[in-house]
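What follows draws every value from the coordinates through simple rules; no lab data is involved. This is a predicted model, so every value here is computed, not measured. In this analysis, Cβ positions are derived from the backbone assuming ideal geometry, glycine residues included, and neighbour counts consider all displayed protein chains.
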Amino acid sequence: MAGPRAIDAVAGWLGRGARETDDRAGAPGPIPWDPIVLARVRHLHFTARVLADRIVLGEHRSRRTGQAVEFADYREYAPGMDPRGLDWKVLARSDRLVVRRYETETELPVTVVLDLSGDLGTGETGVGGLPELTGTKAGYAITLAATMLYWFQRHGEPVGLRLIGGEGARWSDLPPRGGRSHLQLLFLALASVKPGGRAELSRTLTEVGARVRRRSLVTVITDGMEEPANWLPALRSFGRRGTDLRFVHLYDRRELTLDLPEARVLYSPEGGEELPIDAPGVRKDFRAVVEHYLGEVRTGVLAGGGQYIAAPTDAPMERVIRNLVQGGTRPVEMP
Amino acid sequence: MSLSLLSPLAAALSLLVALPILAHLTRQRPTERLAYGAMLLVQRLVKRLRRRRALKDVLLMALRIAAVLLAVAAAAAPRLSWKGDIPTFEGSGRMVLLLDQSLSMALVDGGSTLLERAKAEASARVRSTPDGARFGVVAFGPSSRALTTEMTDDKNRVLALIADLQPTMGAGDLRGAMLDARRLLAGEKGEVFVFSDEAGPSMIPEAEEEIGRVVALGSAVLPVPIHADPPRNLAVTAAHYGDGIEGGQLTFRVANYGPTTREAPCEVVLPDGQSIPVFVDAPAGGEAEARVTIPRQAASGVGRVTCDDPDLALDDSRWFHLPQVGASRVLIVDGDPGDTPVRSEVYFLERALAPWGGSSNGVVPEVVSPKGLGALDPTTHRLVFLANVADPGPFGARLRDFVRRGGSVVISVGDNITADRYNAALAGLLPSPFRGPESLADRAEEPVPLELPDTSRAPFEPFARGGRGAFTHIGAWRVMTLEPYADSGDVRTLLRFTGGVPALVSRDVGQGHVLVWTSSIDLGWSNLPLQAAFVPLTQRIAGWLGAESDGAVARVEATIGARVEVPLSDGISDVDVRGPDGSAVRATLQSGRAVFTADKPGAYEVRVTDGPRVGWVAVNLDAEESDVRRTKSLASVEAALDPEMFVRHQDLAEAAMGLSMVLLLAGALLAAFTGAAT
């Protein structure tokens, strides 16, 4: 987990220069002076700010428990808790140690779960290397995540990032925090990651679900290319716990139309069986498979209390972000 | 059915079947790899397609294998052989047409007779045959006729001969027709077409040998069945006037050769024109027997039974002889009137012959004194009872003439009889001269009983069903003995008393019969009139003797087409025979018989030229010919004679090759339209 000093360091890279190492215990190793990464950070920052500025929204109400004026509930005291929260009157009356909890009006921890597994690296840029930030699935996802983080951070919400898969990132798990330097840390993570590895959506979502607070916002950005029956249960656990879940279903329209001119042997960068496919001959059947799959995912998300936002890579990002931050749902756009 | 290969070695090419299998196993796979993000969906697609493709691929491979196999089969020139029904025309250019014109071909089916259909078929066959072919025509009814003396290529003449054919009234002589066909072919090969309904139980079996000879010459017998669907006919197959104790009834039989029970409206027409309607229910495939009571008085002659049948009218009628029926048939000459009924033979005879006064049977005796014999009329009376007549001398010659011309005399004896007078007056009539009366037992004792009669003899046939034992209760105390004699063709001892003394003796004289009862009919010498067998025996004797002849008129039954012989009395040198329509029929005299051939059914009358009637002939169809059902087919006969002729062949090479091409095309289309996605 990045400490204040590390954040300062990144801020220094972005504006005033930076230190070469992060001396915080448990932190990643030396931060590379990679001009490409730094340029991508700047580019991400710029793009996110532009996109966020285009979105005109009203005040949003975030909910979390903490120290505020409005009492929320009691909780049994456990060692390690701040003793300042003890309710002494209850202790005097009933000889019980309980902690008072309060509801705040403004803070809503936001966690963006971003899938950058190997499948996200497919498309016109091929596999390997940092993805282009425009015109590719991974770039679209990274830009979308950066914009989300920027927008919520500007509204004063603590923001965090959890990467699924991906290679080259200095940090893959940054819990929600406030502050500009934390945002820069998040941007650095996004700028340095490239698609790779396996998604393992079910395991990752279960981990995130176990950690996030009950009243928080979780945005999952993924192509969902694992059997929905495996990961939808983990997704539904967010809804059961009252977490505000927003599911961004990212896909490349050309892939869902099997837009291939001739027969190819198809394979997944995440491994598995290679399959020879004569695309022109099976396009009709493939469409039926896609329709069934999209319906299955959307129904599963909605049934779990989440919000489903279809995000084809050729769709204007502002529209996707508007749906995302407003919490509205749009009909699934069929490829 | 069998399959053979004309080129068996070509079957080795079947190894080519491995080609589509190899093609199936080594299908071309794309080589260019592509990283794809939606592999989950591709995997789902493959799973979905594989379920479908599994069937399609097998089908495709099966199509290709079948196509190769068929191509190999075509190269091997397979030939399919199976057993056919009827041989087809083999085109030798020499055809003999046999047309069945028997009675059954007059059956109406579908608005036309079978013969008309046969003629149409034969004519069509002639017209469709290429010019230059030669034809012979044979028509066969009761006899076969070759309508062409030799094979001819004159189609118009052949067609005209066929068109002139008419149905006949008899059976079909297929055997003779085959013989004629063989003569026309004159030892050369040819086709013998048989246009026939194949009806009747004997036509085809009788012709089998001749068919075999035709086939042995290398010729083909080609049946052209002309069948009614279903075969059906109603025919009167028998009609007979009862001559037993049931006498007075006409019994006739109606055969139904169809598949359904039919109610036939029938009419019995007596010789004097009286008509008696009757309905007969004839069961499907069976016969019904019907009885009609003849009126108490009816003229003798030939009567007719007709049952209407619209399908085949020619055999709807059957003609039968009817003797003189009525009160004047039996003449009883009372020689001993007696002072009490029990001493009067006539008393018992009247009650035995007409128990109810003649109101309900056909026999009413006419009783006369011996002088009444002068009124004996051979055309009216047919049976005379001489009951204890003392002296028949004055009428001996008249009685002899009466008997020779077919009349019958029954003589019973008694105290009035003297052997000498009878021997003198009735010489030539008595089975054996009377020797004199003789006592068999004392009057105070039981009479000597009769032995059991032989029920195979005509007078006793009805007693075979029961009552035979009653004869042993009949006995006599006294009898008229006869001079020793031996049974011969004319003289027969019909009954004997226990101990062997003759009781009832018959003698055939001319066309008539004489019966002698050697005891009395009253209670003077025997107990006969009091016994249970007396009435039925008397009725039976009256019916038997009275029905068999009609005075001096001969009664002959004949079948159409057959030679008819009518026995004539001595001295007749010229006869006139008239057919059913009154036309003269050519007849000859041979050995005291009038001989002619009847070609129409009905009543034929035989008269002495410009003289009295001397005979009736009832001419009927052969009942067997009315059976229009098929019992054996020509095809089955020929199949047994020459099985190879019925084997059909079909070369399959072209069909196999064509089918192979079709399958290849189908496989290509299947592959093209469904693609090979995985």
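Among bridges DSSP assigns within region A:206-335, what percent are antiparallel (round to 5)?
On the way: 3 of 15 bridges.
Expressed as a percentage, antiparallel bridges in region A:206-335 total about 20.
So who's got an amide H within less than 5 Å of the one on B:Val108, skipping anything under 5 residues away but keeping other chains? H placed 1.01 Å off N, in plane.
B:Leu312
Counting other C-beta atoms within 10 Å, and keeping those with at most 12, which DSSP coil trypsin sites (Lys or Arg not before Pro) do you find in region B:500-590? Write down the numbers at each step before the final one.
Values: sites: B:Arg507, B:Arg540, B:Arg555, B:Arg563, B:Arg578, B:Arg586; in loops: B:Arg586.
When the trypsin sites (Lys or Arg not before Pro) of region B:500-590 are filtered for loop state and at most 12 Cβ neighbours within 10 Å, B:Arg586 remain.
So what is Rg over Rh here for region B:29-83, counting just Cα atoms and using Kirkwood for Rh?
On the way: Rg = 20.5 Å, Rh = 15.2 Å.
Result: Rg/Rh = 1.35.
Can you run phi through the Karplus equation (6.51, -1.76, 1.60; θ = phi - 60°) for region A:152-162 and list ³J(HN,Hα) in whole Hz, with x for Gly and Pro?
Karplus values, whole Hz, x for Gly and Pro: 6, 5, 5, 8, x, 8, x, 10, x, 9, 10.
Using only the Cα atoms of region B:554-623, each taken as one equal point scatterer with no solvent, compute I(q) by the Debye sum, divide by I(0), and report log10 of the ratio at q = 0.17, 0.19 Å⁻¹.
Debye curve over Cα of region B:554-623, log10 I(q)/I(0) at q = 0.17, 0.19 Å⁻¹: -0.51, -0.63.
Taking Rh as the Kirkwood radius computed over C-alpha pairs, what is the Stokes-Einstein D of region B:330-548 at 10 °C in a medium of viscosity 1.306 mPa s, expressed in µm² per second? Walk me through the intermediate numbers first.
Values: Rh = 17.1 Å.
After rounding, the answer is 93 µm²/s.
Would you calculate a helix-derived [θ] at 222 nm for chain B, using -39,500 (n - 2.57) for each DSSP H run of n ≥ 4 and dividing by the full residue count, to the nearest 500? Kindly include the intermediate steps, with their values, before the conclusion.
On the way: 12 runs with 166 residues, N = 678.
Theoretical 222 nm ellipticity from helices: -8000 deg cm²/dmol.
Hey, got the Cα dimensions of the protein assembly as shown along the principal axes, in Å, largest first?
Sorted from largest, the Cα extents of the protein assembly as shown read 186, 94, 48 Å.
Using all C-alpha to C-alpha distances in region B:129-218, build P(r) with 10 Å bins and read off the rounded percent in each one.
In whole percents, the pair-distance histogram is 16, 49, 30, 4.
By what distance, in whole Å, do the Cα atoms of region A:224-335 stretch along each of the three principal axes, largest value first?
46, 30, 23
Considering only DSSP beta bridges where both residues belong to region B:554-623, give the percentage that are antiparallel (nearest 5). Intermediate results must be reported in sequence, preceding the final value.
On the way: 20 of 26 bridges.
Bridges in region B:554-623 are about 75 percent antiparallel.
Restricting to the protein assembly as shown, compute how many DSSP beta bridges are antiparallel as a %, nearest 5.
Details: 107 of 177 bridges.
Close to 60 percent.
With the Cα gyration tensor of region A:177-275 in hand, convert its eigenvalues to equivalent ellipsoid semi-axes via √(5λ) and list them largest first in whole Å.
On the way: eigenvalues 179, 74, 31 Å².
Equivalent-ellipsoid dimensions as semi-axes: 30, 19, 13 Å.
By Kyte-Doolittle mean hydropathy of at least 1.0 and Cα axial length of at least 18 Å, which whole DSSP H helices of chain B are selected? Spell out each step's value before the answer.
Numbers: long enough: B:39-76 (52 Å, 0.98); B:114-128 (21 Å, -0.47); B:203-216 (20 Å, 0.17); B:534-548 (21 Å, 0.48); B:653-674 (31 Å, 1.84).
Qualifying helices, which must be both long enough and hydrophobic enough, are B:653-674.
Using modelled amide H (1.01 Å from N, peptide plane; none on Pro or chain starts), what sits under 5 Å from the amide H of B:Val221, excluding residues fewer than 5 places away?
Sorted by chain and number, the residues that satisfy this are B:Val192.
Pull up all non-local amide H partners of B:Ala503: gap of 5 or more, or a different chain, and H-to-H distance under 5 Å with H placed in the peptide plane.
Placed amide hydrogens put B:Leu495, B:Arg496, B:Phe497 under 5 Å from B:Ala503.
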